[in-house]
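See below for the structure under consideration.
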Amino acid sequence: MDSPLVAAIEAGGTKFVCAAGHGPDDIEEARFPTTFPEETIARSIEFFNEVQARKGKVNAIGIGTFGPADVNPESSTFGYIKNTPKADWSNTDLASPIRAALDGIPLAFETDVNAAAWGERKWGAAKNLNDFIYITVGTGIGGGAVSNGKIVHGISHPEMGHLRINKDDSVDSFEGCCPFHGDCLEGLASGTALQQRWSQDPSELPIEHLAWEIESSYLADAIINITLTLSPERFILGGGVMDQEHLFPMIRERVTSRLAKYIDVPEPEKFIVPPGLGAQAGVLGSLALAQDMLK
């Protein structure tokens, strides 16, 4: 292979996906539930050790994790998952034990959505774009931003899932489920919110259900706010909730209508799109981050 063997972890609140390979067409994976930190980290290390026994040394690793996370390499807690609602994982050092077990190889550490965005830029729906947004709508909601060809950071990392959006109590009486903010975007439009609001798995709700009118409205407002702030070239919407393909035209129509021609979106079908890498965006993005560490 022309490119070196690298490793990746997509650390999700429900499952971990570990992978090793040379590129998107040459990887092997292991998937297992996210349990206690010690157990889950140990299973990740076990997978990589087994790969190295067969294929040789892994040269770098990229980790894309649920958060909040410390992604600042200059910080004393770089590689930590911070104050997360995921039970038992707050203030967990995820990066150090994995890097130590792999002989101190170069390590990239990002949020899962930033990693997914990076994978989409290299191999997916954002290829050749320098300014775009990746949003995942699943158990929670997260957003990653690439601006001028670089992943956006600041005092921390973007937390688009916790945007405050308009809520009409006469249409939606649900109070929200975010443990920090109640009725933020995640509290109103995540898969968890849909499940709690309608007492039913979102995947089982019929297309004509009121749930999708409300859902598309909240997501459209979020996209409008981000558009007016960052002016991206494209939005990529992934995650389990967005497997409901009928949401895309509903969201596009609302975004176009509510922008009221203040900003022209000439081709809504190209402005708001599904991931080109599908459910593999996160792990492949982490693989791409690992490759970047060797440049």
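Here are some notes:
The rows are residues; the columns are (1) assigned to a helix (DSSP H, G or I); (2) surrounded by 20 or more Cβ atoms within 10 Å (Cβ to Cβ); (3) at pLDDT 95 or above.
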{"position": "Ser203", "(1), (2), (3)": "yes, no, no"}
{"position": "Glu215", "(1), (2), (3)": "yes, yes, yes"}
{"position": "Ile226", "(1), (2), (3)": "yes, no, yes"}
{"position": "Leu237", "(1), (2), (3)": "no, yes, yes"}
{"position": "Val241", "(1), (2), (3)": "yes, yes, yes"}
{"position": "Asp264", "(1), (2), (3)": "no, no, no"}
{"position": "Lys270", "(1), (2), (3)": "yes, no, yes"}
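- Residues being among the hydroxyl-bearing types (Ser, Thr, Tyr), touching a residue at least 60 places away in the same chain (Cβ under 8 Å) and not in a loop (DSSP other than H, G, I, E, B) - total across the range 109-166: 3
- In the range 243-262, residue surrounded by the fewest Cβ atoms within 10 Å (Cβ to Cβ) [restricted to those that are free of Cβ contacts under 8 Å to residues at least 40 places away in the same chain and acidic (Asp, Glu)]: Glu245
- Residue in the range 15-37 that is in a loop (DSSP other than H, G, I, E, B), crowded, with 16+ Cβ neighbours inside 10 Å and out of contact with any His (no Cβ under 6 Å at 6 or more places or on another chain) present: yes
- Figure legend. Inter-residue proximity from the range 181-201: first residues surrounded by 24 or more Cβ atoms within 10 Å (Cβ to Cβ), second residues among the hydroxyl-bearing types (Ser, Thr, Tyr), beta-carbon distance below 7 Å, spacing 6+ or different chains. Indicated pairs: Leu185/Tyr218; Leu188/Tyr218; Ala189/Tyr218; Ser190/Thr139.
- The range 71-102, subset acidic (Asp, Glu) and either outside any loop (DSSP other than H, G, I, E, B) or free of Cβ contacts under 8 Å to residues at least 24 places away in the same chain (or both), residue surrounded by the most Cβ atoms within 10 Å (Cβ to Cβ): Asp93
- Of all residues making up the range 111-137, the number that are among the charged types (D, E, K, R) and out of contact with any helix residue (DSSP H, G or I) (no Cβ under 6 Å at 6 or more places or on another chain): 3
- Among residues that are outside the structural domain of Ile155 (by TED's automatic domain parsing) and under 18 Å from Gly282 (Cβ atoms), Lys55 is not included.
The values are calculated or read from the model by the stated rules, or taken from the named source; none is laboratory data. If you're wondering where the values come from, they're calculated on a predicted model, not measured in any experiment. Ideal geometry is used to build each Cβ from the backbone, glycine not excepted, and the neighbour counts take in all protein chains shown.
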